[in-house]
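Let me begin by presenting the structure, written as structure tokens, before commenting on it.
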Amino acid sequence: MPRSAHPSAASTADAPAAARHVSLVALPEAGFATLAGLYDVMNAHALMGLADTPARAPFQVEIVGEAAGALDIASGVPVPVQRAIDTVASTDIVIVPSLLVRGAGWQAGRHPRLVDWLRRMHERGAVLCSACSGIFLLAETGLWDGRDATVHFAYAKPFAAAHPAVRIHPEKVLVISGPREDLVSSGASTTWHDMALYLVARFAGATDAQALARLFALQWHQDGLAPYITFEGRADHGDAEIEAAQRWLGGHFSVASPVEEMIKRSRLAERTFKRRFTAATGLAPIAYVQRLRIEEAKRRLERTDDPVDEIGWRVGYEDAAFFRRLFKRTTGLAPGAYRKRFRIPDFARP
């Protein structure tokens, strides 16, 4: 790993040789929560006294941007950019925080200087990291082409359309790519916690990562992001026959033999219907039914006290054991564990 070679701040001069320089990128589209949270956690050894002295902290964190000074970011909060990227000759870790992607989506090419700087830092040995939608900017470097990454599941479709050469896995919390494990991406929203703890464990040790997890009450998302993803069937395929079947299924997924009923209503041959349904939605009819049923079961687990087996029956499963297995296979959590995680706790209810 390269070491920071600039004498801009007293902390740099006092830092031990082993300290990693972390460049936290601020740009107008950045969200404040992720930017500030990453700064505090990565800088916690100095801020919270975890190191013997601030000078012995394993990371030296700076907020960098295209120009030094106050920068109004997407959250409407002015952020002090401590250094301009043109003055950063080398760095060990670069983190692009969550970006607010509105309307028509991320507009590539808005920050060519940043993209060029990111490439240079990588060429000089830096580990490039994205939090949530920060991968939109980093992908413009081309370094993720042909590699794996994750992004907030809400941005998965526009990202895949913009960067078809990147293999995207929105259900994953953290994806480490590159020949030197030098391309790091984290998924939805607060999975930046996982990325920060990963970087601390990797460069400062597991004991330090555990200490920070306790200090900030951070938790690894060890079950992945599948429990958080809401299923929405694809409806932009243009097949009117299948669209009609989807609309009917939306209100009748719990009936007995829903696939057979859809086929009867469609007036298509069974093989033709199944082929067209799969081509249009990306899922076989029975798999689509199962996703709708599990989605309804999730809402009932979150909002009612109904027993798990009764919920399974109400969404269309007479075999309670099969329902439980299918629920866990789909969401990554058993029904009881899902309810415990997502139901509003008693102390927070009106």
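For the reader, a short list of remarks on this structure follows.
- Residue within region 337-345 that is of a type in the set (S, T, Y) and either at pLDDT below 95 or within 17 Å of F253 (Cα to Cα) (or both) present: no
- Filtered residue count, region 146-171, keeping only those that are out of contact with any helix residue (DSSP H, G or I) (no Cβ under 8 Å at 6 or more places or on another chain) and at pLDDT 95 or above: 7
- Qualifying residue in region 288-301 (condition: polar (S, T, N, Q), more than 18 Å from R341 (Cβ to Cβ) and either modelled with pLDDT of 95 or more or surrounded by 15 or more Cβ atoms within 10 Å (Cβ to Cβ) (or both)): yes
- Condition met for A26 (within 28 Å of the chain's Cα centre (by Cα) and at pLDDT 95 or above): yes
- Pairs, first touching a residue at least 24 places away in the same chain (Cβ under 8 Å) and within 19 Å of H152 (Cβ to Cβ) in region 31-48, second among the β-branched types (V, I, T) and in a helix (DSSP H, G or I), C-beta under 7 Å, six or more apart: none
- Members of region 315-350 found to be β-branched (V, I, T) and either part of a helix (DSSP H, G or I) or closer than 18 Å to A287 by Cβ (or both), listed by number: V315, T330, T331
- E260 vs. criteria charged (D, E, K, R) and either within 30 Å of A19 (Cβ to Cβ) or open to solvent by less than 70 Å² (accessible area, probe 1.4 Å) (or both): no
- Unmet criterion (only one of (1) over 18 Å from H169 (Cα atoms); (2) open to solvent by less than 10 Å² (accessible area, probe 1.4 Å); (3) not small (G, A, S)) for L137: (1)
- In summary, V101 fulfils each of the numbered conditions (1) among the β-branched types (V, I, T); (2) under 28 Å from T331 (Cα atoms); (3) not in a loop (DSSP other than H, G, I, E, B) with the single exception of condition (3).
- A256 falls short on exactly one of the conditions (1) among the small types (G, A, S); (2) touching a His at 6+ places or on another chain (Cβ under 6 Å); (3) assigned to a loop (DSSP other than H, G, I, E, B), and that condition is (2).
- For R56, the test of being modelled with pLDDT of 95 or more, basic (K, R) and either out of contact with any helix residue (DSSP H, G or I) (no Cβ under 7 Å at 6 or more places or on another chain) or open to solvent by 50 Å² or more (accessible area, probe 1.4 Å) (or both) is failed.
- Here F153 meets each of (1) open to solvent by 20 Å² or more (accessible area, probe 1.4 Å); (2) over 22 Å from A30 (Cα atoms); (3) among the hydrophobic types (A, V, I, L, M, F, W, C) with one exception, condition (2).
- Output for region 77-90, where each listed residue is over 18 Å from R120 (Cβ atoms) and open to solvent by 60 Å² or more (accessible area, probe 1.4 Å): P78, P80, Q82
- Scope region 107-134; condition open to solvent by 40 Å² or more (accessible area, probe 1.4 Å) and under 19 Å from A84 (Cβ atoms); matching residues: R110, P112, R113, D116, R119, R120, R124
- The set of residues from region 259-276 being farther than 22 Å from E318 by Cα, part of a helix (DSSP H, G or I) and of a type outside the set (D, E) comprises I263, K264, R265, S266, R271, T272, F273, K274, R275, R276.
The values are calculated or read from the model by the stated rules, or taken from the named source; none is laboratory data. These numbers come from a predicted model, not from an experiment. Note that we place each Cβ from the backbone using ideal geometry, even for glycine, and neighbour counts take in every protein chain shown. The accessibility values were calculated without ligands, DNA or RNA, using every heavy atom of the protein model including side chains. Shrake-Rupley method; radii C 1.70, N 1.55, O 1.52, S 1.80 Å.
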